[in-house]
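Heads up, the thing below is written out as structure tokens.
The values are calculated or read from the model by the stated rules, or taken from the named source; none is laboratory data. Since this is a predicted model, take the numbers as computed values, not measurements. FYI the Cβ positions are ideal-geometry reconstructions off the backbone, even for glycines, and counts take in every protein chain you see.
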Amino acid sequence: MGDFLANWYPWTKALHVVSVIAWMAGLFYLPRLFVYHVEVVAAGTPTDDLFQTMERRLLRAIMNPAMVATWVFGLALVFTPGVVPWSEVWPWLKAASVLGMTWFHHWLGLRRKDFVAGQNAVTGRQYRMMNEVPTLLMLVIVFSVIVKF
């Protein structure tokens, strides 16, 4: 198995990066949609239905597959011999940040269900603040991997 992963390392790494980009795009955009949804759109209107459709499609058609692909290709990189030096700090920091990113993804999914049920209790300001979470986690991940501190 190690030889297979080693031979496919450049492809696995490229697919991991593409998956991360798609996932991050969704993690940045969905909270933004929630801000506009809560601040501008009245519940039960055609615009409410439109926002719910956009949010559902973004989450299910882009974000969920991108998250799964990110995890699959990321784990393939982890299991590729010689790629991750677990004796250093950076892989652990990256792993913790990826878990945080995954938690945030699921938190967004729960908030989307709140909109569907007409029970959103989060304000636009709170969504704006939460929108910074993936940015902070992304910075930790990128600096961990590139600088390897």
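A few points about this structure:
- If only residues of the range 48-102 that are surrounded by 13 or more Cβ atoms within 10 Å (Cβ to Cβ) and among the hydroxyl-bearing types (S, T, Y) are counted, the one that is farthest from L33 (Cα to Cα) is T80.
- Inspection of the range 75-83 identifies no residue that is modelled with pLDDT of 95 or more and in contact with a Pro (Cβ under 7 Å, 6 or more places away or on another chain).
- Condition broken by S19, with the remaining ones in (1) closer than 24 Å to W103 by Cα; (2) in contact with an Asp or Glu (Cβ under 9 Å, 6 or more places away or on another chain) satisfied: (2)
- Filter result for A14 (surrounded by 14 or more Cβ atoms within 10 Å (Cβ to Cβ), modelled with pLDDT of 95 or more and either out of contact with any Ser or Thr (no Cβ under 9 Å at 6 or more places or on another chain) or among the hydrophobic types (A, V, I, L, M, F, W, C) (or both)): no
- Test for V122: is it among the aliphatic types (A, V, I, L, M), part of a loop (DSSP other than H, G, I, E, B), in contact with a Leu (Cβ under 9 Å, 6 or more places away or on another chain) and farther than 19 Å from L137 by Cα: no
- Looking across the range 103-129, the residues that are touching a residue at least 12 places away in the same chain (Cβ under 8 Å) and within 20 Å of T70 (Cβ to Cβ) come down to F104, H105, W107, L108, G109, R112.
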